[in-house]
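The values are calculated or read from the model by the stated rules, or taken from the named source; none is laboratory data. Model, not experiment: these values are computed from the prediction. FYI the Cβ positions are ideal-geometry reconstructions off the backbone, even for glycines, and counts take in every protein chain you see. Keep in mind that these areas ignore ligands, DNA and RNA; they rest on the heavy atoms of the full protein, side chains included. Shrake-Rupley method; radii C 1.70, N 1.55, O 1.52, S 1.80 Å.
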Amino acid sequence: MSQSCLEIGLLLYPGAQLAAVHGLDDLFAVANRMAAGRGGLPVLRVSHWQADAQGEVCRCHDSHPGQGGEHPQVLILPPCLDVAARQPLPEAYRRWLAQRRATGATLASVCAGAFPLAEAGLLDGRQVTTHWALAGELAERYPQVRVLPERMVVEDGDLITAGGLMAWVDLGLALVARLIGPTIAAETARFLVVDLNRESQLHFSSFAPSFDHGDAAVLAVQQWLQGPALAEASLAGMAARAGLGERTFLRRFRAATGMKPTEYCQQLRVARARELLEFTRQSIDEIAWQVGYRDSGTFRKLFTRLVGLSPGDYRRRFGSAARREG
């Protein structure tokens, strides 16, 4: 009895990163190898889709020609490196994606691959993730999409999105687990020597505040906070530095930066703490005090919430001083 095929299509839209396309080809080939000989498991058929000279999206590569149905059950938009690739999709791709969604296909994206889906209106009202550095842009351009930048993979029914540029590995393993089973996904991950359970991309992110908002009073406070004043900064002190009343300062600071002053200071303090954890041998209690937290327990909880790792785990993973000692 022949095995059934489940087709995963990779959409080669303008700017799609071919390294990720070929990496996914290999990952799914390994998964098929791990599943071989186990009765009842489907084969993953992998295809590439691209618009032809007539503007019709068609299959241009097929790992199992002639097996399975006419269209893929899953469609993946790979990441892209070119900023221009985050521009509107050609109409042929938009129309084809809408048709596939209407027939029940699961849509998936990696990194900036979420932008073409959002631009086509296929992410409205859904939970998604993208590269942490692109999350703000995605949320601003498409406010009807709920962006979860801390997540590596978000599975939302017939929509699966993955975060960073290399998160095609995480997406591929999530699809293997969904389509063939978690055992095969675990065996595939072991063969590829990759972590099966990367849940967060927070610890890869960095805080990049906006300084080009045009509010001179808020900018003066931001520049002041880049120095030693950060450790002792208070709402009253920031408002005084801006020459504004506290309520006015709160309103203008949030309008300029998108954050409350307290949230902004937390991000700056944690960013400074990350540098100290990476490049010094100071104790965590000393670092907490230096960045403005007299209670190291409060600092540890905040750091873990914003970074996704405890201070100790972060240092063990990223600390250059620890690596030199090792």
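Taking the criterion of being outside any helix (DSSP H, G or I) and open to solvent by less than 70 Å² (accessible area, probe 1.4 Å), the residues of segment 247-265 that qualify are Gly258, Met259. Exactly one condition in (1) touching a residue at least 12 places away in the same chain (Cβ under 8 Å); (2) in a helix (DSSP H, G or I) is not met by Lys301; state its number. Against the list (1) touching a residue at least 12 places away in the same chain (Cβ under 8 Å); (2) in a helix (DSSP H, G or I), Lys301 comes up short only on (1). Number of residues in segment 247-273 that are charged (D, E, K, R) and touching a helix residue (DSSP H, G or I) at 6+ places or on another chain (Cβ under 7 Å) equals 4.
Between Leu268, Leu277, Leu244, Leu306, the distinction of being among the aliphatic types (A, V, I, L, M), outside any helix (DSSP H, G or I) and buried (at least 18 other Cβ atoms within 10 Å of the Cβ) belongs to Leu244 only. Taken over segment 149-174, the residue count meeting the criterion of being within 18 Å of Leu117 (Cα to Cα), among the aliphatic types (A, V, I, L, M) and open to solvent by 40 Å² or more (accessible area, probe 1.4 Å) is 1.
Here are some residues: Ala177, Ala239, Ala217. Which one is in a helix (DSSP H, G or I), farther than 30 Å from Ala114 by Cβ and open to solvent by 10 Å² or more (accessible area, probe 1.4 Å)? Within the list Ala177, Ala239, Ala217, the selection yields Ala217.
In this structure, does Ala229 turn out to be in a helix (DSSP H, G or I), surrounded by fewer than 20 Cβ atoms within 10 Å (Cβ to Cβ), among the hydrophobic types (A, V, I, L, M, F, W, C) and free of Cβ contacts under 8 Å to residues at least 40 places away in the same chain? Criteria met by Ala229.
Looking across segment 47-73, the residues that are polar (S, T, N, Q) and closer than 16 Å to Leu97 by Cβ come down to Ser47, Gln50, Gln73.
Restricting attention to segment 30-48, which residues are open to solvent by less than 50 Å² (accessible area, probe 1.4 Å) and not basic (Lys, Arg)? Hits for segment 30-48 are Val30, Ala31, Asn32, Met34, Ala35, Leu41, Pro42, Val43, Leu44, Val46, Ser47, His48. Based on what the data block shows, is Ala185 in a helix (DSSP H, G or I), farther than 15 Å from Ile8 by Cβ and small (Gly, Ala, Ser)? No: the conditions fail for Ala185. Would a scan of segment 111-120 turn up a residue that is outside any loop (DSSP other than H, G, I, E, B), out of contact with any strand residue (DSSP E or B) (no Cβ under 9 Å at 6 or more places or on another chain) and open to solvent by 10 Å² or more (accessible area, probe 1.4 Å)? So far as segment 111-120 goes, yes, one or more of its residues are outside any loop (DSSP other than H, G, I, E, B), out of contact with any strand residue (DSSP E or B) (no Cβ under 9 Å at 6 or more places or on another chain) and open to solvent by 10 Å² or more (accessible area, probe 1.4 Å).
For first residues located in segment 67-80 and over 14 Å from Phe115 (Cβ atoms), partners that are open to solvent by 10 Å² or more (accessible area, probe 1.4 Å) and modelled with pLDDT under 95 and lie 6+ apart or on another chain with Cβ distances below 7 Å form the pairs Gln67/Cys5; Gly68/Cys5; His71/Arg100; His71/Thr103; Gln73/Leu6; Gln73/Thr106; Val74/Thr106; Leu75/Arg100. Filtered by the rule that a residue be assigned to a loop (DSSP other than H, G, I, E, B) and either touching a residue at least 24 places away in the same chain (Cβ under 8 Å) or open to solvent by less than 50 Å² (accessible area, probe 1.4 Å) (or both), segment 49-66 gives Gly55, Glu56, Ser63, His64.
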